[in-house]
1. Cut-off is 10 Å between beta-carbons; in what order do F35, F26 appear when sorted fewest neighbours first?
2. Have a look at G54, I23, L44 and report the one farthest towards the positive end of the charge dipole of the chain, computed about the Cα centre with Cβ charges (Lys/Arg +1, Asp/Glu -1).
3. Report, to the nearest 10°, how far helix 38-51 tilts away from the longest principal axis of the Cα atoms in the chain, using its own Cα long axis and a range of 0 to 90°.
4. Rounded to a whole number, what is D in µm²/s for the chain from Stokes-Einstein with the Kirkwood radius over alpha-carbon pairs (37 °C, 0.692 mPa s)?
5. Order of Y16, Y52 from fewest to most other C-beta atoms within 10 Å?
6. Using 1/(1 + (r/R0)^6) with R0 = 30 angstrom and r between the beta carbons of A57 and T14, what's the FRET efficiency to the nearest 0.05?
7. Based on the Cβ-Cβ distance from D42 to R1, what FRET efficiency comes out when R0 is 22 Å, to the nearest 0.05?
Amino acid sequence: RRLGDHIHENRHSTRYEDEMFAIKYFQKGTAHITFKRPELVDKLNGIIARHYPGALAAR
């Protein structure tokens, strides 16, 4: 929700940042997300693994 509000209020911006992550977004609808908290990466990887088994490399 905060990202959507930011994009709406800052139409010329291509970046959003808060305490959890930084996002650089592009006109074609893609984005690069940099997580600031390692536990968020672990949680996201768990979600991806549940929905798309085999999509992540095994460690």
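1. With the sparsest Cβ surroundings first, the list reads F26, F35.
2. The residue sitting most towards the positive pole is G54.
3. Long axis of 38-51 versus the principal axis of the chain: about 70 degrees.
4. Stokes-Einstein gives a translational diffusion coefficient of 249 µm²/s.
5. With the fewest neighbours first, Y16, Y52 line up as Y52, Y16.
6. It comes to 0.50.
7. With R0 = 22 Å, the Cβ-Cβ based efficiency is 0.40.
Each value in this text was obtained by applying a stated rule to the coordinates, not by laboratory testing. Because the structure is predicted, anything quoted here is derived from the model rather than measured. Reconstructed Cβ throughout: ideal geometry from the backbone, glycine too, with neighbour counts over all protein chains shown.
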